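S.K.: Before I ask anything, let me first share the structure, which is written out below as C-alpha coordinates.
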Amino acid sequence: MSHPSTPMAECTTAKADLYAKYKPIFERFIITFHPKGLQGDIPGKCSNFNYASRMAVKALRSDPEYPLDKPGKKVELLVTTGDCDSVFGERYFDALEEDYWKVSEEAQYRF
(Lines give C-alpha, C1' and ligand atoms only; values in the text may rest on other atoms or scores of the structure.)
Protein backbone atom coordinates (compact mmCIF):
# COMPACT_ATOMS: atom_id res chain seq x y z
CA MET A 1 0.00 0.00 0.00
CA SER A 2 1.42 3.38 -0.94
CA HIS A 3 1.16 6.35 1.37
CA PRO A 4 0.74 9.91 0.19
CA SER A 5 3.99 11.80 0.43
CA THR A 6 4.26 14.60 2.93
CA PRO A 7 6.16 17.87 2.42
CA MET A 8 8.69 16.83 5.11
CA ALA A 9 9.25 13.44 3.47
CA GLU A 10 9.75 15.17 0.12
CA CYS A 11 12.23 17.59 1.72
CA THR A 12 14.15 14.74 3.31
CA THR A 13 14.37 12.92 -0.02
CA ALA A 14 15.36 16.09 -1.87
CA LYS A 15 18.04 16.85 0.73
CA ALA A 16 19.52 13.35 0.42
CA ASP A 17 19.54 13.60 -3.38
CA LEU A 18 21.21 17.03 -3.33
CA TYR A 19 23.85 15.90 -0.83
CA ALA A 20 24.64 12.83 -2.89
CA LYS A 21 25.07 14.93 -6.02
CA TYR A 22 26.91 18.00 -4.72
CA LYS A 23 28.52 17.35 -1.31
CA PRO A 24 31.55 15.54 -2.77
CA ILE A 25 32.59 18.57 -4.83
CA PHE A 26 32.42 21.28 -2.13
CA GLU A 27 34.33 21.89 1.09
CA ARG A 28 31.04 22.85 2.74
CA PHE A 29 27.57 22.20 1.34
CA ILE A 30 24.68 23.53 3.38
CA ILE A 31 21.03 22.87 2.58
CA THR A 32 18.20 24.69 4.29
CA PHE A 33 14.44 24.33 4.00
CA HIS A 34 12.57 27.55 4.70
CA PRO A 35 9.59 26.65 6.87
CA LYS A 36 6.26 28.22 6.06
CA GLY A 37 4.46 30.49 8.48
CA LEU A 38 7.37 32.07 10.36
CA GLN A 39 6.20 35.12 12.27
CA GLY A 40 6.97 38.34 10.37
CA ASP A 41 8.08 36.41 7.30
CA ILE A 42 6.72 37.37 3.90
CA PRO A 43 6.77 34.36 1.54
CA GLY A 44 8.99 34.83 -1.50
CA LYS A 45 12.49 34.61 -2.92
CA CYS A 46 13.91 37.36 -0.71
CA SER A 47 12.71 35.75 2.51
CA ASN A 48 13.95 32.35 1.27
CA PHE A 49 17.42 33.81 0.64
CA ASN A 50 17.41 35.65 3.97
CA TYR A 51 16.49 32.49 5.87
CA ALA A 52 19.07 30.38 4.03
CA SER A 53 21.79 32.98 4.64
CA ARG A 54 21.07 33.15 8.37
CA MET A 55 21.04 29.36 8.69
CA ALA A 56 24.28 29.00 6.71
CA VAL A 57 26.09 31.59 8.85
CA LYS A 58 24.80 29.86 11.98
CA ALA A 59 26.07 26.49 10.72
CA LEU A 60 29.49 27.91 9.81
CA ARG A 61 29.84 29.72 13.14
CA SER A 62 29.04 26.53 15.03
CA ASP A 63 31.69 24.55 13.12
CA PRO A 64 34.89 24.73 15.21
CA GLU A 65 36.97 23.84 12.14
CA TYR A 66 35.63 26.71 10.02
CA PRO A 67 37.44 30.06 10.48
CA LEU A 68 34.38 32.33 10.20
CA ASP A 69 34.67 35.07 12.85
CA LYS A 70 38.05 33.76 14.00
CA PRO A 71 40.65 36.51 14.59
CA GLY A 72 43.39 36.59 11.98
CA LYS A 73 41.65 34.13 9.67
CA LYS A 74 40.66 35.11 6.14
CA VAL A 75 37.53 33.46 4.76
CA GLU A 76 36.64 33.22 1.09
CA LEU A 77 33.03 32.22 0.68
CA LEU A 78 31.01 31.87 -2.52
CA VAL A 79 27.27 31.47 -2.16
CA THR A 80 24.85 30.09 -4.72
CA THR A 81 21.18 29.71 -4.05
CA GLY A 82 18.65 27.57 -5.82
CA ASP A 83 15.49 25.66 -5.24
CA CYS A 84 15.62 21.89 -4.96
CA ASP A 85 14.41 21.68 -8.55
CA SER A 86 17.01 24.15 -9.90
CA VAL A 87 19.16 22.79 -12.70
CA PHE A 88 22.73 24.07 -12.82
CA GLY A 89 24.61 23.81 -16.08
CA GLU A 90 27.41 21.27 -16.27
CA ARG A 91 30.07 24.00 -15.93
CA TYR A 92 28.12 26.44 -13.74
CA PHE A 93 30.33 26.07 -10.66
CA ASP A 94 33.54 26.08 -12.75
CA ALA A 95 32.41 29.34 -14.38
CA LEU A 96 31.48 30.82 -10.99
CA GLU A 97 34.96 30.08 -9.65
CA GLU A 98 36.64 31.39 -12.82
CA ASP A 99 34.69 34.65 -12.57
CA TYR A 100 35.55 34.98 -8.89
CA TRP A 101 39.28 34.86 -9.62
CA LYS A 102 38.87 37.59 -12.27
CA VAL A 103 37.49 40.03 -9.67
CA SER A 104 39.98 42.33 -7.95
CA GLU A 105 41.12 41.24 -4.48
CA GLU A 106 39.60 44.43 -3.04
CA ALA A 107 36.20 43.52 -4.49
CA GLN A 108 36.48 39.89 -3.28
CA TYR A 109 36.60 41.02 0.35
CA ARG A 110 33.89 43.67 0.23
CA PHE A 111 31.78 42.18 2.98
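S.K.: For region 29-44, take each phi angle, set θ = phi - 60°, evaluate the Karplus expression 6.51 cos²θ - 1.76 cosθ + 1.60, and give the result in whole Hz per residue in order, putting x for glycine and proline.
M.R.: With coefficients 6.51, -1.76 and 1.60, one gets 9, 10, 10, 10, 10, 6, x, 7, x, 5, 4, x, 9, 9, x, x Hz.
S.K.: OK, next. With unit charges on the beta carbons (Lys and Arg positive, Asp and Glu negative) and the dipole taken about the Cα centre of the chain, which residue among Leu78, Ala59, Ile25 sits farthest to the positive side?
M.R.: Working it through, the farthest residue towards the positive pole turns out to be Ala59.
S.K.: Counting only helical runs of four or more DSSP H residues, what would the 222 nm mean residue ellipticity of the chain come to if each run contributes -39,500 (n - 2.57) and the total is spread over all its residues?
M.R.: Numbers: 4 runs with 49 residues, N = 111.
Estimated from H runs of four or more residues: -14000 deg cm²/dmol.
S.K.: Here's a follow-up. Using alpha carbons only, how many degrees (0 to 90, rounded to 10) separate the axis of helix 7-22 from the longest principal axis of the chain?
M.R.: The helix 7-22 is inclined about 40 degrees to the chain.
S.K.: Something else now. Using a Cα distance threshold of under 21 Å, what count of lysine pairs results for the chain when pairs must be 8 or more residues apart or interchain?
M.R.: Pairs that pass both the separation and distance tests number 12.
S.K.: May I pose another question? Any chance you could give the angle, 0 to 90 degrees and rounded to 10, that helix 45-62 forms with the longest Cα principal axis of the chain?
M.R.: Taking Cα atoms only, the helix is inclined about 70 degrees.
S.K.: Continuing with this model, one more query. Solvent-accessible area per residue for the chain at a 1.4 Å probe radius, Å²?
M.R.: 85
S.K.: Within region 45-92, list the chymotrypsin sites (Phe, Trp or Tyr not before Pro) lying in a DSSP loop whose Cβ has at most 16 other Cβ atoms in a 10 Å radius.
M.R.: When the chymotrypsin sites (Phe, Trp or Tyr not before Pro) of region 45-92 are filtered for loop state and at most 16 Cβ neighbours within 10 Å, Phe88 remain.
S.K.: Now a separate question. Roll a 1.4 angstrom probe over the protein heavy atoms and tell me the percent of accessible area of region 46-87 that is carbon or sulfur.
M.R.: Of all accessible area on region 46-87, carbon and sulfur atoms account for 54 percent.
S.K.: Taking 1 over the mean of 1/r across every pair of different Cα atoms in the chain, what Kirkwood radius in Å do you get?
M.R.: One decimal place: 16.6 Å for the Kirkwood radius.
S.K.: Taking H placed 1.01 Å from N in the peptide plane, check which residues at least 5 places from Phe88 or on another chain put their amide H under 5 Å from its amide H.
M.R.: Counting only residues 5 or more places away or on other chains, the set is empty.
The values are calculated or read from the model by the stated rules, or taken from the named source; none is laboratory data. Keep in mind the model is a prediction, meaning the values are calculated, not measured. All Cβ positions, glycine included, derive from the backbone under ideal geometry; neighbour counts span all protein chains shown. Each accessible area value is taken on the protein alone, full model and side chains, heavy atoms only, with ligands, DNA and RNA left out. Shrake-Rupley method; radii C 1.70, N 1.55, O 1.52, S 1.80 Å.
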